[in-house]
Amino acid sequence: MKCTQCGTENAEHASFCGKCGREMEVAPTPQAAPAQPVQHTRPAKLVRCADDKSIGGVCAGVARYFGLDVGLVRLLAILGLIFGTATFWIYIVLWAVLDEVECGPY
Ligand SMILES: [Zn+2]
């Protein structure tokens, strides 16, 4: 690298110029881009998950769509099945209507 003061060519990683003693300007190292927070890929529409299902993948799809915990959705679904038949029919309708897709890890 060249000295900015006297123009003498110095070793590539020299800290000071060998002739005039001027501190060499070190090329700025590019700052590493700040790590992006990991975000769940949220599907644009409600789907069934082909690769993450305990029954029909509806719970996993609903959880992804609303950004909820899959376990929580399944728990609510099970509670709904215990305390009423509406959940069962909602599940059946969703299972019949929704497309089954590969959702990937959540
Ligand atoms: Zn110099």
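The values are calculated or read from the model by the stated rules, or taken from the named source; none is laboratory data. Predicted model only: the values in this text are computed from it and were never measured. Cβ placement follows ideal geometry from the backbone for every residue including glycine, while neighbour counts extend to all protein chains displayed.
What is the number of the single condition among (1) loosely packed, with under 15 Cβ neighbours inside 10 Å; (2) at pLDDT 85 or above; (3) within 16 Å of the ligand (Cβ to nearest atom) that Gly67 does not meet?
Condition not satisfied by Gly67: (3).
Suppose the filter is in the same structural domain as Leu94 (by TED's automatic domain parsing) and modelled with pLDDT of 85 or more; does Arg74 pass it?
Numbers: in the same structural domain as Leu94 (by TED's automatic domain parsing): yes; modelled with pLDDT of 85 or more: yes.
For Arg74, the condition - in the same structural domain as Leu94 (by TED's automatic domain parsing) and modelled with pLDDT of 85 or more - is met.
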